[in-house]
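The next block holds one structure in the form of structure tokens; read it before the comments.
Bear in mind these aren't lab numbers, they're just calculated from the coordinates by the rules spelled out. Here the structure is a predicted model, which means the values were calculated and not measured.
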Amino acid sequence: MPRKTSKKSTAAALPSIPKELIDGFVSGPMSAEAINAASMAFKKALIERALGAEMSHHLGYPPGA
């Protein structure tokens, strides 16, 4: 019985991040814990922004209007 071959998916191109944004997060050498904390904070802010925009789009008006 022939083996099933899986299609190799190509990774999506990542957007470039401005150096100024990175400089805002990194003030010097960072430990693994500091990198993890900064990464989690960035992900949280990004997800909250996306969910807020999605809710505004769904409702048809911005919050507080």
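Viscosity 1.002 mPa s, temperature 20 °C: what is the translational diffusion coefficient of the chain from Stokes-Einstein with a Kirkwood Rh over Cα pairs, rounded to a whole number of µm²/s? Don't skip to the end; give the middle numbers.
Numbers: Rh = 16.0 Å.
The diffusion coefficient I find is 134 µm²/s.
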Notebook entry, point to check: If you build a Gaussian network model of the chain, linking Cα atoms that sit under 10 Å apart, which residue out of 11, 32, 45 swings the most?
Noted result: 11
